[in-house]
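The values are calculated or read from the model by the stated rules, or taken from the named source; none is laboratory data. None of these values were measured; they are calculated from a predicted model. All Cβ positions, glycine included, derive from the backbone under ideal geometry; neighbour counts span all protein chains shown. Only protein heavy atoms, including side chains, enter the accessible area calculation; ligands, DNA and RNA are left aside. Shrake-Rupley method; radii C 1.70, N 1.55, O 1.52, S 1.80 Å.
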Amino acid sequence: QVQFVESGGGLVQPGGSLKLACSASGISFNIRSMGWYRQAPGKLREVVATINTGGDPTYADPVRGRFTISRDNAKMTVSLHMNKLNAGDTAVYYCNQSPPIASSWGQGTQVTVSP
């Protein structure tokens, strides 16, 4: 059974930082590109960052230069280090393969940026 478990979210002030973590199971992790996604209230889920099997990242324009995605194949984990957070980053953050497995979204982790 494919499962993604996200953690590390919370409430942070504008300009602050958070590090999200995702643990994967039930997939051949080391041969899959992975991604972080987010869904803000009233908006569609969107891709935030992806990382391929070679460790090469891609970033959505709103987060480029502020977020860093990384992976640990041995631990089957993918992380998202977020800096200079702003209100526009408030959302539920999810990890999944890239492209995502539609039936395997986890619960996500809430990130709220507020004074």
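Name every residue in segment 74-115 that is open to solvent by 20 Å² or more (accessible area, probe 1.4 Å) and among the charged types (D, E, K, R), in order of residue number. Hits for segment 74-115 are K75, K84.
If we scan segment 97-107, do we find a residue that is in contact with a helix residue (DSSP H, G or I) (Cβ under 9 Å, 6 or more places away or on another chain) and aromatic (F, W, Y)? The answer is no; no qualifying residue exists. The set of residues in segment 16-46 that are open to solvent by 70 Å² or more (accessible area, probe 1.4 Å) and over 11 Å from R71 (Cβ atoms) comprises K19, I31, P41, G42, K43, L44, R45, E46. So, of the residues in segment 25-41 that are at pLDDT 95 or above and among the small types (G, A, S), which turns out to be farthest from A91 (Cα to Cα)? My answer is S33. Among the residues making up segment 21-43, those that are within 17 Å of A87 (Cα to Cα) and within 8 Å of the chain's Cα centre (by Cα) are Y37, R38. Selection over segment 73-98 of residues that are free of Cβ contacts under 8 Å to residues at least 60 places away in the same chain and assigned to a loop (DSSP other than H, G, I, E, B) gives a count of 5. Output yes when any residue across segment 57-71 is of a type outside the set (G, A, S), farther than 16 Å from G10 by Cβ, more than 12 Å from the chain's Cα centre (by Cα) and surrounded by 17 or more Cβ atoms within 10 Å (Cβ to Cβ), and no when none is. No, segment 57-71 contains no residue that is of a type outside the set (G, A, S), farther than 16 Å from G10 by Cβ, more than 12 Å from the chain's Cα centre (by Cα) and surrounded by 17 or more Cβ atoms within 10 Å (Cβ to Cβ). Residues of segment 44-72 that are closer than 21 Å to N86 by Cα, part of a loop (DSSP other than H, G, I, E, B), free of Cβ contacts under 8 Å to residues at least 40 places away in the same chain and not hydrophobic (A, V, I, L, M, F, W, C): D61, P62, R64, G65, R66. Annotation note: Cβ proximity below 8 Å between a residue of segment 6-18 that is among the acidic types (D, E) and a residue that is loosely packed, with under 12 Cβ neighbours inside 10 Å and modelled with pLDDT of 95 or more (sequence gap 6+ or interchain) occurs for E6/Q107.
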